[in-house]
Amino acid sequence: ASAVPQLLGQAKTDNQVVMLDFYADWCISCVELDVFVFTNTDVQRALSDVKVIKVDVTANEPAAVNLMRSLQLVGPPALVFYSANGDLLLQHTIVGVPDAQDLVSLIERVKGY
């Protein structure tokens, strides 16, 4: 979590959309997201040019807790998006496990910012 600001800065420099993927080892829904949604070929295609930053909140480290709090998140799984110019798109945050096609639609919408 402490590396996230640097990674966001690099993505902005590279003009890349970012998806923060908050997860924890004990989170069953996070496993569902990995197994059933992120393996979907349409989702993989939509994410192919998106910088995905996985944020491990398993240990509740201060950096991870503070980052979640700053993004108004209470726990994983959560997906937070930033536009290619670095703007936080909080209105497009997903908490829980989305349907694969809903996620694809959202990713395409986020790429339009």
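The values are calculated or read from the model by the stated rules, or taken from the named source; none is laboratory data. Since the structure is predicted, the reported quantities are computational estimates derived from the model, not experimental observations. Glycine gets a Cβ as well: all are built from the backbone with ideal geometry, and neighbour counts include every protein chain shown.
General observations
Residue-wise test of (1) assigned to a helix (DSSP H, G or I); (2) modelled with pLDDT of 95 or more; (3) more than 11 Å from the chain's Cα centre (by Cα); (4) not hydrophobic (A, V, I, L, M, F, W, C).
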{"site": "16", "(1), (2), (3), (4)": "no, yes, yes, yes"}
{"site": "29", "(1), (2), (3), (4)": "yes, yes, yes, yes"}
{"site": "58", "(1), (2), (3), (4)": "no, yes, yes, yes"}
{"site": "65", "(1), (2), (3), (4)": "yes, no, yes, no"}
{"site": "69", "(1), (2), (3), (4)": "yes, yes, yes, yes"}
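- Only listed residue being over 20 Å from residue 6 (Cβ atoms) and assigned to a helix (DSSP H, G or I), chosen from 25, 42: 42
- Flag if residue 82 is touching a helix residue (DSSP H, G or I) at 6+ places or on another chain (Cβ under 8 Å), aromatic (Phe, Trp, Tyr) and either within 21 Å of residue 111 (Cα to Cα) or surrounded by fewer than 12 Cβ atoms within 10 Å (Cβ to Cβ) (or both): yes
- Test: residue in the range 37-53 that is in contact with a Lys or Arg (Cβ under 9 Å, 6 or more places away or on another chain), touching a residue at least 40 places away in the same chain (Cβ under 8 Å) and either β-branched (Val, Ile, Thr) or farther than 19 Å from residue 104 by Cα (or both): yes
- Of everything listed in (1) aliphatic (A, V, I, L, M); (2) farther than 17 Å from residue 2 by Cβ; (3) crowded, with 19+ Cβ neighbours inside 10 Å, the single unmet condition for residue 35 is (3).
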